[in-house]
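> The structure is given below, and queries will be raised subsequently.
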Amino acid sequence: MEMTTCNVCGKVFGSLSSGTCPTCRKLLDIVYNKARTYLRDNPRSALNSEELSKAIGEDKKLLDILILEGRFDGGDSPKMEESEVEKRRKKLLKDLESNLAFPVKKNAPVTTYGSDRHGKSDI
């Protein structure tokens, strides 16, 4: 477990994955439910986070965090074409592979630990 600063309140807390403390996570869940209900009840409204925050009476910063987390399908996030999304994924994968401690072998035969270590073939 590593120490992380909450991206909502700034409090330091122990976390395995989230950048939000448990107290603020509960608050974000409440805000998300309010926003989701409002958007469900008003399907024709095309709002950005500022207008939505005024409509539901919540802080814009909380809605921005929810949008960045991907909790909404649209909102303020720019619409990307599939090819653009695929390009970003491939670039991220390439960057990840280049930063690995061991090289990634393309089209390498699948082996097991036993066959690598002892020359035995289980496959």
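> Taking the beta-carbon count within 10 Å as an exposure proxy, list 47, 93 from fewest neighbours to most.
With the sparsest Cβ surroundings first, the list reads 93, 47.
> Now for a separate question. Arrange the following residues from fewest to most other Cβ atoms within 10 Å of their Cβ: 85, 8, 31.
85, 8, 31
> Determine the sum of side-chain charges near residue 22: Lys and Arg each +1, Asp and Glu each -1, restricted to other residues whose C-beta is under 11 angstrom from that of residue 22.
Neighbour charge sum, excluding residue 22 itself: +2.
> If each residue of separation counts as 0.36 nm, what is the full-extension length gain between residue 42 and residue 3 once their alpha-carbon separation is subtracted? Don't skip to the answer; put the middle values down first.
Numbers: separation 39, 0.36 × 39 = 14.04 nm, distance 4.01 nm.
Between residue 42 and residue 3, full extension yields 10.0 nm more.
> Now for a different question. Please work out the FRET efficiency for the pair residue 97 and residue 17, using the Cβ-Cβ distance as r and a Förster radius of 35 Å; give the result to the nearest 0.05.
Efficiency, from the Cβ-Cβ distance: 0.95.
> Taking 21 Å as the cut-off for C-alpha to C-alpha distance, list the pairs among 26/60; 11/60; 26/61; 34/60; 61/94; 60/90 that go past it.
61/94; 60/90, as the Cα separations exceed 21 Å there.
> Could I ask something else about it? What is the spin-label model distance, in nm, from residue 115 to residue 87 if the labels are put 7 Å beyond Cα along the C-beta direction?
3.9
Computed from the coordinates by the stated procedures, all read-outs in this text should not be read as laboratory data. Fair warning: this is a prediction, and the values are worked out from it, not measured in the lab. Don't worry about glycine lacking a Cβ; one is built from the backbone with ideal geometry, like all the others, and counts go over all protein chains shown.
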